[in-house]
2 protein chains.
Amino acid sequence: MKDLAKFIKALGDASRLAIIHAIGQSSCSVTEIIQKTELSQTLVSFHLRTMRETGIVTTRRDGPFIFYRLTAPELYGLIGELSRVAGFENDIARATPYFEIVNYKRR
Amino acid sequence: MKDLAKFIKALGDASRLAIIHAIGQSSCSVTEIIQKTELSQTLVSFHLRTMRETGIVTTRRDGPFIFYRLTAPELYGLIGELSRVAGFENDIARATPYFEIVNYKRR
DNA sequence: TACACATATGAGTACATACTCATTGAATAA
DNA sequence: TTATTCAATGAGTATGTACTCATATGTGTA
């Protein structure tokens, strides 16, 4: 059974927000996601699995690559709204609304 | 200190969603929240604490009562949007108190 | 004062989750 | 075939979190 709490919980992690930010509203291969987020391959794969299972992302294979995209592209903007509502509007990036939204840490 | 992932994580729990639903866009005393959610006093208090600390709710004392409200009332609608985007509009959650969040109307 | 009511808090527990490392599988090219 | 690249998976660990029970604190009234 689908569960809203579970879905939202799957959004509430810095690494997964970084992945969502990397994907944006188009799509990305896993390799691209790894490069953009600077997270390890294993960790990206680990998170993509739960994001697949909660329906946040869907996949398409193209040769050796697997492309991920948001199942609902509007989700990207909604997370931006959440960020604004949470009071993050004065963070680093008002001009690039969705960049500072994702406050993921670099390694 | 502020952290979007932490904020969203604090939304991703069924008990806390129930509390948010109970509060709605106005405010409620803890006693009212307990009655509406049918959660234990201790558990409600436990969750309200983390919701206070993440800035989801704010409080006002009135005599022996402490009233809680959403710091940002728009959050209520946004959760409805998330629910719709997640594809819950026809979910079994119709029978539960979470339903009204699920069926929040767009502006 | 004493008492009742409203709410918060500390301790303890069981489970969930994020992460790393090592390995495996799947697709392609030489 | 072998080798290479892309991606997923299993095991192990450490931390986080949701919850319960008992207790404490705050507030108003008799």
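The values are calculated or read from the model by the stated rules, or taken from the named source; none is laboratory data. Note that the coordinates shown come from a computational prediction; the quantities given were computed from them, not determined experimentally. Note that each Cβ is placed from the backbone with ideal geometry, even for glycine, and that neighbours are counted across all protein chains shown. Just the protein is used for accessible areas: all its heavy atoms, side chains included, with ligands, DNA and RNA removed. Shrake-Rupley method; radii C 1.70, N 1.55, O 1.52, S 1.80 Å.
Just to be sure, is A:R16 within 16 Å of DNA strand C (Cβ to nearest atom) and either at pLDDT below 95 or in contact with a Gly (Cβ under 7 Å, 6 or more places away or on another chain) (or both)? No, not satisfied. Of all the residues that make up region A:68-88, how many are within 11 Å of chain B (Cβ to nearest Cβ) and out of contact with any Gly (no Cβ under 9 Å at 6 or more places or on another chain)? Number satisfying all stated conditions: 12.
Figure legend. Inter-residue proximity from region A:24-43: first residues closer than 19 Å to A:D62 by Cα, second residues assigned to a helix (DSSP H, G or I) and not polar (S, T, N, Q), beta-carbon distance below 6 Å, spacing 6+ or different chains. Indicated pairs: A:Q25/A:Y76; A:C28/A:A22; A:I33/A:I19; A:I33/A:A22; A:I33/A:V44; A:I34/A:V44; A:Q41/A:I34. Does region A:65-75 include one or more residues that are open to solvent by 10 Å² or more (accessible area, probe 1.4 Å) and touching a residue at least 60 places away in the same chain (Cβ under 8 Å)? Among the residues of region A:65-75, not one is open to solvent by 10 Å² or more (accessible area, probe 1.4 Å) and touching a residue at least 60 places away in the same chain (Cβ under 8 Å), which makes the answer no. Exactly one residue among B:I79, B:I33 is in contact with a helix residue (DSSP H, G or I) (Cβ under 7 Å, 6 or more places away or on another chain), more than 24 Å from A:T54 (Cβ to Cβ) and modelled with pLDDT of 95 or more, and that residue is B:I33. The set of residues from region B:38-60 being more than 8 Å from DNA strand C (Cβ to nearest atom), open to solvent by 40 Å² or more (accessible area, probe 1.4 Å) and in contact with a strand residue (DSSP E or B) (Cβ under 9 Å, 6 or more places away or on another chain) comprises B:T58, B:R60.
Of the residues making up region B:12-67, those that are away from every other protein chain (no Cβ under 14 Å) and part of a loop (DSSP other than H, G, I, E, B) number 6.
One residue alone among A:A5, A:A22, A:A10, A:A14 is closer than 18 Å to B:F88 by Cβ and within 12 Å of the chain's Cα centre (by Cα), and that residue is A:A10.
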